[in-house]
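Here the structure is laid out as structure tokens; the discussion comes afterwards.
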Amino acid sequence: MKLKDKIIAYLRLCRLQATGLIATLSVIGAAVAGQKNPFLLGVVFTIGVFYHVFLYVLNDYIDLEVDKKSKDLQRKPLV
């Protein structure tokens with residue numbers, strides 16, 4: 001497998017298309033709670049990105065056996 005294909009597979013596994021939304025919701029929550037420091041809001045955004053990636057990868061890993069049985073999910077990176 002080429003390096004480009006591996007990178008694309010990892011990006012598909014992480015589902016980066018929705019990462020900004022989840023991380024932004026974390027920042028909005030911190031801002032509503034009264035946090036105004038831009039550095040700390042950036043840290044919250046970064047944590048939100050890692051949280052999003054971790055949960056989606058964990059979900060794919062746990063559901064691997066179920067996903068293998070479904071014809072609709074054959075294009076998922078781990079399957």
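The values are calculated or read from the model by the stated rules, or taken from the named source; none is laboratory data. Here the structure is a predicted model, which is why all the values come from computation and not from measurement. Note: ideal-geometry Cβ built from the backbone for every residue, glycine included; neighbour counts use all protein chains shown. Just the protein is used for accessible areas: all its heavy atoms, side chains included, with ligands, DNA and RNA removed. Shrake-Rupley method; radii C 1.70, N 1.55, O 1.52, S 1.80 Å.
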| task | With respect to L16, determine if the residue is at pLDDT below 80, hydrophobic (A, V, I, L, M, F, W, C) and open to solvent by 60 Å² or more (accessible area, probe 1.4 Å). | result | yes
| When you look at V53, is it within 18 Å of I22 (Cα to Cα), modelled with pLDDT under 90 and open to solvent by less than 70 Å² (accessible area, probe 1.4 Å), yes or no? | yes
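To keep it simple, each residue is scored yes or no on (1) over 13 Å from the mean Cα position of the chain (by Cα); (2) without any contact (Cβ under 8 Å) to a residue 12 or more places away in the chain; (3) not in a helix (DSSP H, G or I).
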position: L11; (1), (2), (3): no, yes, no
position: G20; (1), (2), (3): no, yes, no
position: G34; (1), (2), (3): yes, yes, yes
position: V43; (1), (2), (3): yes, yes, no
position: D72; (1), (2), (3): yes, yes, yes
